[in-house]
Every structure is written in C-alpha cells, then in structure tokens.
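Have a look at the structure below, then the notes.
The values are calculated or read from the model by the stated rules, or taken from the named source; none is laboratory data. Please read these numbers as outputs of a predicted model, since none were measured by experiment. Positions of Cβ are backbone-derived with ideal geometry, glycine not excepted, and every protein chain shown enters the neighbour counts. SASA here: full protein model, heavy atoms, side chains in, ligands and nucleic acids out. Shrake-Rupley method; radii C 1.70, N 1.55, O 1.52, S 1.80 Å.
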Amino acid sequence: MKRKSPPPAPVSAAAERAALLGREFPLALLRTSRVDESEIAEQFDSGLWVQGGHPALACFGNPVAARKILKSIPWSRRRDHHLALGNAALQLRLPPQEVAAHFEAAQQFPQARAQWLKAGECACANGNYRPALGWIRRALAIWPWDDAPSDRVLVLREMARCATNARDSGSAREAWEELAGFALESGRHPLRVDALHELAALLTDPSKAGPLLLEAAEIAGRELSPAEAYRHWMGYVDFLGHRVRIHAAGQAFVHAEESARKSGDPAILSEMLGWKGLLAALAGEPENASLLVDESMRVAIEHQLPEQTATAYRRRANIADYAGNYEAEKQNQGIAIRYCRDTGIGGEVVCMSCLAYACFRTGDWKDALTTAREVLAENELHRGLAAIADCVCGMVAAFRGERRPARHHLLTAIRNLRAEGMVHLEFFALWATAYGHECDGEIAAATATYDEIRALWRETDDLHDSVPGLLFAGAHYADAGHPDRLGDCIDIFGKILLRSSLPEVRAASLALAAEQSMLEGNSAEASRLFNEAIALIDTAKLPLERVWLGCRKKHHGLEDPSDREILDIATRLGLRPMLANLRSCGSTTGDLTPRQCEVLRFLADGLTSKEIGDRLSLSTRTVEMHVGRLLQRLDCRTRPEAVRLAASRGWLR
C-alpha cells in the first residue's frame with residue numbers, strides 16, 4: 001500500500017510578507033509590521049532567508065521558494081499583509097509611493113490616494129514632473145467623482161500643470177477634458193470656461209481652437225464678471241487677429257468692448273482701446289487707429305498703469321507697421337523696451353522680437369540679427385516669440401543666399417508659427433522660403449511655395465503682410481510660364497487696394513502690371529510702370545524691394561539710371577544672389593538663375609567647389625550640382641570653357 005506524503009508545513013506570516021516585498025526586503029519593515037523576532041530567526045535558521053546586501057536587509061535563499069509562497073497566499077490574507085506593511089511603512093516614514101502601493105493592494109483607497117498625492121507633490125517640488133504625473137494618475141484612478149469632488153478638481157489642475165511641465169500635452173489635455181466634462185455636468189461655469197480656454201491652447205491644430213475659445217467667451221459673457229468676460233472675449237479676438245480674420249475679430253470685439261466698459265477698470269479700458277486701435281490698423285484705417293492708441297496711452301498714464309503704458313507703446317509700434325512706417329515702428333519699439341527696463345516690469349523680449357522684424361524691413365540687418373539672436377538666447381522663451389526671431393534670421397539668410405541657415409531658421413519658424421496660428425508672420429516665412437528655392441534653381445518648389453501664399457491669403461482678410469510674398473510670386477509666375485497665376489496675383493492686389501492705399505501695396509500692384517506688360521511685349525509701358533513702382537518703394541523706404549525691382553528691370557533688359565545706387569544697397573545688405581543678377585545676369589544670360597550667376601562669378605575668380613561652398617554656406621555636393629546645371633545651360637564641357645564664354649559675352653564686369 002502506497003504511503004501518503006505528509007502535508008506541507010504551513011508558511012509563516014513572516015515568510016508571506018517577505019514574499020510580498022520582493023526578493024530583497026528590509027527587516028525593519030517586517031518588525032514594525034508586528035512580525036515576531038522568533039519568526040524572523042526561524043526563517044534564517046531554516047535557510048529560507050539569507051543575509052542581503054546590507055545587514056538591515058534579507059533575501060530568499062532560493063527565489064523559486066519566494067515565488068511559490070507568493071502564489072499560495074489567499075487574496076484576503078494578502079490584503080491583510082499589505083495593510084500591515086502599509087501601516088509599518090507609514091510609521092517608518094518610507095517614501096509615500098511605497099506606502100501608497102501597500103495601501104492600494106490592501107484596498108484602503110483613501111489612504112492610498114493620500115499617499116500617491118503626497119508622492120506627486122514631493123516629485124513636483126523637486127522638478128521631477130514625469131514621475132509626479134504617474135503618481136497623480138494612480139491617485140485619480142482610485143478616486144470616484146462623488147468623493148470630495150472639489151479636491152479632485154484641484155488635483156486635476158495639478159495634473160495638467162505637471163503634464164505641461166513634463167511636455168506631455170496628451171495628459172494635460174486629458175486632465176482639462178475631464179474638468180470640462182465635470183464642469184458642464186455640475187454647472188460650474190468658471191471651471192468650464194477655464195477648461196475650454198486651456199484645451200484651446202493645447203490643440204495641435206489652431207483652427208480647431210476657435211470654437212472652444214468662442215464657447216468660453218460666450219459662457220463668460222453670460223455667467224462671469226465683466227472683467228472675466230473681457231479676458232475671454234479678448235482670448236478669442238487675439239486668436240482671430242493672429243489668423244488675420246479681421247472682420248470676425250471685429251464682430252467678437254464688440255462683446256469685449258462692452259465687457260470692458262462695464263468693468264469700469266481703467267487697466268482693462270486702456271488695453272481694450274489699444275486692441276481697438278490695432279484692429280483698425282489691420283483693417284486699413286491708420287488715422288483712426290492712432291487716435292484710439294493715443295487714448296489708450298492717456299488712460300494708462302492718467303491711472304499710473306505701467307504694464308498698460310508699455311502695451312500702448314507696443315501698439316503705437318504695431319500701428320506704424322501696418323501704416324508702412326517702419327522707422328516709426330523701430331522708434332516706438334525702442335521706447336517700449338526702454339520703458340519696460342526702466343520700470344522693471346519686464347516683457348521687453350516681446351518688443352525685441354518685433355524690433356528685429358522692423359529692422360529687417362528698414363534694411364538695418366545687423367541690428368535685426370543681433371536683436372533676433374538676443375531673443376533666441378532667452379530662457380523659457382514663448383514659442384511665438386522664438387518663431388518671430390527665427391523668421392527674421394531666416395529671411396536675412398535667405399536673401400543673402402545662405403542656404404543652410406536660411407532653411408534651418410525658416411523651417412523652425414514655420415513649424416512654430418503654424419503651431420501658434422500666427423498666419424500674419426507665416427506670409428513672410430513662406431516668402432523667404434520661396435525665394436531661397438528660386439536662388440537654388442528649384443523652380444517647382446518655389447512655385448509650390450508661392451502657391452501657398454496665395455492660398456493662405458484667401459483664408460484671411462490681410463491687407464499688408466502678404467504683400468511682399470505676393471509681389472515676388474507674381475514675378476516668379478511670369479518667368480516660370482504661369483500667366484494665369486500672375487493674373488491672380490494682380491487680381492488680389494486689386495482687392496487689397498480697395499481698402500489700402502499704402503505706397504508698398506500700390507508699388508507691388510504696378511510692378512506686377514509691368515510684368516504683365518512685358519509678357520504682352522509692351523516694354524515701354526512696362527518701363528513706365530516699373531519706374532512708378534520704384535518711386536513708391538522709395539517713398540516707403542524699403543531697400544530690399546528697391547534692389548529687387550532693379551533686378552527685375554535688369555532681367556527684362558530695361559535701363560535703370562539708379563544702377564550704382566542699388567548696387568550699393570545690395571552690397572550693404574549682402575544680397576549676393578541679387579548682386580550676381582545685377583552685375584552679370586541680364587536678359588542675355590541664357591535664363592540662368594541668380595545662384596548660377598553667382599557660382600559663375602566665383603568660378604571666374606578661380607575658386608574650387610569647396611571654397612565656393614564655404615562662401616555660400618552650401619555643401620560641396622550642392623555646389624557641384626549648380627556647376628553641372630550651369631555647364632548644361634551654357635552647353636560647355638568644362639569650367640574654364642564656361643568662364644571664357646561668360647567673359648566673351650560681357651557677363652563678368
């Protein structure tokens with residue numbers, strides 16, 4: 001008869017708790033959880049436990065034994081063990097996340113929740129946002145909405161803050177969506193408004209933010225104080241303004257103005273008047289805009305409001321910009337910067353980014369680059385301000401023919417401008433990008449980018465920022481054999497002229513009419529139109545456009561008595577592609593691109609491909625590509641042959 005195996009020896013509470021703690025465990029925790037000293041000694045004596053890596057630690061001699069014990073513990077006893085360990089860990093002041101894990105396993109959710117939150121708070125205080133976010137999530141996962149909902153709201157706000165600091169927009173959005181839903185169900189209007197506003201800021205597609213901002217403003221207008229209503233209506237107006245939706249912004253502004261006047265707060269009133277002036281400037285009403293901003297300044301000074309005074313100075317600069325007076329824009333941004341520094345209110349970096357752009361327009365490119373680089377060197381810089389500075393650096397590099405830095409800055413700028421919905425500046429970044437493609441002989445890419453400018457204009461009410469890009473686009477279309485697209489640019493300027501009479505707008509319209517006349521074979525009419533455009537550009541004091549118009553006349557074989565003057569401007573600005581065009585490339589060059597003209601001159605100077613690449617910030621391989629295309633167009637087999645041909649034709653003066 002077969003003998004039965006004896007039943008296994010019962011596992012002690014000490015062994016079970018140790019198995020729950022992992023392979024190596026602190027003896028102090030077991031002792032504090034009321035494990036008898038005799039039980040501890042028994043585990044060591046039996047060989048089940050051995051000394052750990054430290055005298056205060058122990059571990060299982062055989063890991064398999066620990067796993068078997070862990071599997072054999074019933075659920076109810078496991079829960080009791082975790083409760084004892086949790087209380088012991090709390091008594092020993094172990095890290096709150098360790099305490100929380102035991103309480104959670106013991107189904108003691110309120111205690112676990114408190115410890116998870118404590119762990120998150122400690123991590124946040126030390127700047128460890130990602131682990132903090134994970135521990136806050138653990139707390140929320142075991143926290144029903146009907147248990148202290150006001151406290152849960154505070155924790156969700158903290159989760160959103162941690163997620164933002166951890167650059168985890170998905171978790172931040174999740175927190176605000178939950179808050180928005182709870183606010184809607186519970187009728188907590190201020191919370192609903194804040195949540196919608198924050199969700200709008202987190203959206204990767206700015207076009208989807210509009211409905212959220214509008215809903216927030218409408219709720220604020222019905223349910224909140226006039227001051228809060230004003231703030232949220234202006235959030236929506238600001239969104240529309242960045243997207244150059246001037247008509248819609250004006251309609252929304254009516255509600256903002258009403259709330260501002262109801263508030264009776266002079267700070268709000270000053271800000272509102274400044275915004276009203278800016279919208280008037282965007283709508284092509286510079287005189288009305290100036291009166292409104294002057295009133296904004298008067299209110300700010302009368303009530304001794306330094307922040308609003310600084311804002312009024314910025315608004316004066318903005319209005320000068322949209323009036324085409326870039327020198328006045330520079331002066332007012334300079335005043336705003338000095339005022340911010342003298343009063344200690346900060347915020348001068350906002351003025352500096354706009355100053356860099358104004359310096360670009362006036363041809364003070366050294367100052368433009370210095371200022372833009374100062375902006376980019378700022379810590380924790382707002383993405384929109386970084387985009388402006390990158391755009392300025394990229395534009396200067398593009399028009400100087402510095403391909404690699406231009407593309408780096410412009411791609412970064414476009415990405416951030418689109419993320420922020422700053423359409424008005426996207427026009428400039430696309431303009432410089434398209435010109436860079438032209439210089440590199442990338443005609444299809446240039447055409448596609450100029451097409452983007454036209455498409456973007458149709459989504460806006462813009463009267464100003466698209467003008468340079470549309471001007472260059474029309475000339476490109478004329479050269480590339482797209483007369484229909486040139487005609488579209490001319491039509492766009494016709495619509496802009498109905499609401500704006502700025503010299504630069506009229507000049508652009510005349511210049512494209514001249515391009516149209518050249519296509520029709522009427523060079524005399526084209527020359528007259530170009531000359532009128534140049535006179536207006538001189539009035540507007542736009543040196544870049546002045547040089548470019550000289551290049552266009554040269555391209556068409558038209559005489560320009562100001563050749564020496566525009567050569568000096570181009571040299572001062574470092575416009576290498578345009579200089580190559582002016583010095584070498586008229587209508588007799590076999591339709592070479594400005595970049596090919598420039599490369600040809602360097603070949604004539606005896607430079608190698610590497611040396612040319614160093615001068616132009618291009619790779620040797622890219623230079624070789626330009627040289628190859630140049631030889632193909634000139635029907636030459638060697639570089640010396642191409643240089644001799646160019647010299648014989650008088651291209652190398």
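Some points to look at:
- Counting the residues of the range 539-555 that are part of a loop (DSSP other than H, G, I, E, B) and open to solvent by less than 40 Å² (accessible area, probe 1.4 Å) gives 1.
- Subset of the range 357-388 [within 14 Å of residue 432 (Cβ to Cβ) and under 16 Å from the mean Cα position of the chain (by Cα)]: 372, 387, 388
- Residue within the range 416-439 that is surrounded by 24 or more Cβ atoms within 10 Å (Cβ to Cβ), more than 24 Å from residue 366 (Cα to Cα) and more than 15 Å from the chain's Cα centre (by Cα) present: yes
- Out of 526, 508, sole residue that is out of contact with any Ser or Thr (no Cβ under 9 Å at 6 or more places or on another chain) and in contact (Cβ under 8 Å) with a residue 24 or more places away in the chain: 508
- For the range 22-51, the set of residues classified as at pLDDT 90 or above, open to solvent by less than 70 Å² (accessible area, probe 1.4 Å) and not in a helix (DSSP H, G or I) consists of 25, 26, 33, 35, 47, 48, 49, 50, listed by residue number.
- With respect to the stated conditions, residue 445 fails to be over 22 Å from residue 550 (Cα atoms), open to solvent by 50 Å² or more (accessible area, probe 1.4 Å) and either of a type outside the set (Ser, Thr, Tyr) or modelled with pLDDT under 95 (or both).
- All positions within the range 558-584 that are open to solvent by 10 Å² or more (accessible area, probe 1.4 Å), touching a helix residue (DSSP H, G or I) at 6+ places or on another chain (Cβ under 8 Å) and not in a helix (DSSP H, G or I): 558, 559, 560, 562, 574
- Test: residue in the range 324-341 that is buried (at least 16 other Cβ atoms within 10 Å of the Cβ) and touching a residue at least 40 places away in the same chain (Cβ under 8 Å): yes
- Restricting 279, 291, 240 to residues that are more than 28 Å from residue 459 (Cα to Cα) and in contact with a helix residue (DSSP H, G or I) (Cβ under 9 Å, 6 or more places away or on another chain) narrows the list to 291.
- Residue that is farthest from residue 422 (Cα to Cα), among those in the range 204-218 that are in contact (Cβ under 8 Å) with a residue 24 or more places away in the chain and surrounded by fewer than 21 Cβ atoms within 10 Å (Cβ to Cβ): 214
- Test: residue 451 is assigned to a helix (DSSP H, G or I), out of contact with any Leu (no Cβ under 6 Å at 6 or more places or on another chain) and either at pLDDT 95 or above or open to solvent by less than 30 Å² (accessible area, probe 1.4 Å) (or both): yes
- Of 228, 223, all but one fail to be touching a Pro at 6+ places or on another chain (Cβ under 9 Å) and surrounded by fewer than 18 Cβ atoms within 10 Å (Cβ to Cβ); the exception is 223.
- Flag for residue 502 being closer than 28 Å to residue 328 by Cβ, touching a residue at least 12 places away in the same chain (Cβ under 8 Å), open to solvent by less than 10 Å² (accessible area, probe 1.4 Å) and under 31 Å from the mean Cα position of the chain (by Cα): no
- Residue 263 vs. criteria hydroxyl-bearing (Ser, Thr, Tyr), more than 19 Å from residue 321 (Cα to Cα) and either crowded, with 21+ Cβ neighbours inside 10 Å or at pLDDT below 95 (or both): no
- Entry remark, the range 398-415: residues being under 18 Å from residue 370 (Cα atoms), surrounded by fewer than 23 Cβ atoms within 10 Å (Cβ to Cβ) and either out of contact with any helix residue (DSSP H, G or I) (no Cβ under 9 Å at 6 or more places or on another chain) or free of Cβ contacts under 8 Å to residues at least 40 places away in the same chain (or both) number 1 in total.
- Only one entry in 299, 293, 237 is open to solvent by less than 20 Å² (accessible area, probe 1.4 Å) and touching a Gly at 6+ places or on another chain (Cβ under 6 Å), namely 293.
- The criterion of at least 3 residues that are open to solvent by 20 Å² or more (accessible area, probe 1.4 Å) and of a type in the set (S, T, N, Q) is met by the following helices (runs of 4 or more DSSP H) wholly inside the range 72-137: 75-91.
- For beta carbons closer than 7 Å, sequence separation of 6+ or different chains, a first residue in the range 566-581 that is touching a residue at least 24 places away in the same chain (Cβ under 8 Å) and a second that is not in a helix (DSSP H, G or I), the qualifying pairs are 573/363; 574/400; 575/400; 576/400; 576/401; 577/401.
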